[in-house]
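One structure is given here, and the rest of the page talks about it.
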Amino acid sequence: MAFEVKKINPLDLQPRKAVGLNIPFRAKDVFSSNYQTKEAIKNNLINFFLTGKGERYLNPQFGTRLRNMLFENINEEKIGEIESIVRESINIYFPRVEPQEIKTGSDPDNNLVTFYMAYIIKDTNIEDELLINIAT
């Protein structure tokens with residue numbers, strides 16, 4: 001009988017070792033650490049999606065055109081394009097992240113665009129979701 005082995009990051013077993021920084025930076029000392037791989041990956045994804053291509057010094061290909069695309073008219077074709085760009089970018093920069101569901105929506109009355117992604121981390125038992133609201 002075969003079974004799937006789930007991997008646990010060794011740093012998750014050490015409660016006092018920080019693995020990343022929380023976003024947004026609101027702590028007393030500006031930076032607040034997180035201690036779980038799940039939170040570190042989520043914050044890295046937020047940073048990635050909110051970084052536009054060309055913004056990162058010495059790494060101009062890092063980031064997405066997501067913010068630019070969200071300000072265009074949202075229709076079925078645009079949603080498909082956003083989904084393909086997100087999946088392609090994640091495959092390059094986050095190969096262990098596997099998107100399960102991607103949704104894009106807008107609320108023109110409140111000048112709000114939303115981006116939602118449910119994802120899993122391959123070879124682990126980590127499942128999470130991400131919601132980014134962008135006010136236009």
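The values are calculated or read from the model by the stated rules, or taken from the named source; none is laboratory data. Worth saying up front: this structure is predicted, and the values here are computed from it rather than measured. Positions of Cβ are backbone-derived with ideal geometry, glycine not excepted, and every protein chain shown enters the neighbour counts.
Going by the structure shown, is Asn91 at pLDDT 80 or above and surrounded by 12 or more Cβ atoms within 10 Å (Cβ to Cβ)? So Asn91 passes the test. Looking at the structure I just gave you, is Phe49 in contact with a helix residue (DSSP H, G or I) (Cβ under 6 Å, 6 or more places away or on another chain), modelled with pLDDT of 85 or more and surrounded by 14 or more Cβ atoms within 10 Å (Cβ to Cβ)? Answer is yes for this residue. Inside the stretch 54-88, can you point out the residues that are surrounded by 15 or more Cβ atoms within 10 Å (Cβ to Cβ), in contact with a strand residue (DSSP E or B) (Cβ under 9 Å, 6 or more places away or on another chain) and part of a loop (DSSP other than H, G, I, E, B)? Of everything in the stretch 54-88, those that are surrounded by 15 or more Cβ atoms within 10 Å (Cβ to Cβ), in contact with a strand residue (DSSP E or B) (Cβ under 9 Å, 6 or more places away or on another chain) and part of a loop (DSSP other than H, G, I, E, B) turn out to be Gly63, Ile74.
Before we move on, is Asp128 under 18 Å from Lys38 (Cα atoms), among the acidic types (Asp, Glu) and under 15 Å from the mean Cα position of the chain (by Cα)?
So Asp128 passes the test.
Scanning the stretch 120-136 for residues that are in contact (Cβ under 8 Å) with a residue 24 or more places away in the chain and of a type outside the set (Asp, Glu) yields Ile121, Lys122, Thr124, Asn125, Ile126, Leu130, Ile132, Ile134, Ala135, Thr136. Out of curiosity, is Phe115 within 18 Å of Ala135 (Cβ to Cβ) and not in a loop (DSSP other than H, G, I, E, B)? Considered against the rule, which asks whether it is within 18 Å of Ala135 (Cβ to Cβ) and not in a loop (DSSP other than H, G, I, E, B), Phe115 comes out as yes. Scanning the stretch 58-67 finds one or more residues that are of a type outside the set (Ser, Thr, Tyr), out of contact with any Asp or Glu (no Cβ under 8 Å at 6 or more places or on another chain) and in contact (Cβ under 8 Å) with a residue 60 or more places away in the chain.
Just one of the listed residues (Leu21, Leu66) is under 16 Å from the mean Cα position of the chain (by Cα), at pLDDT below 70 and at negative phi, namely Leu21.
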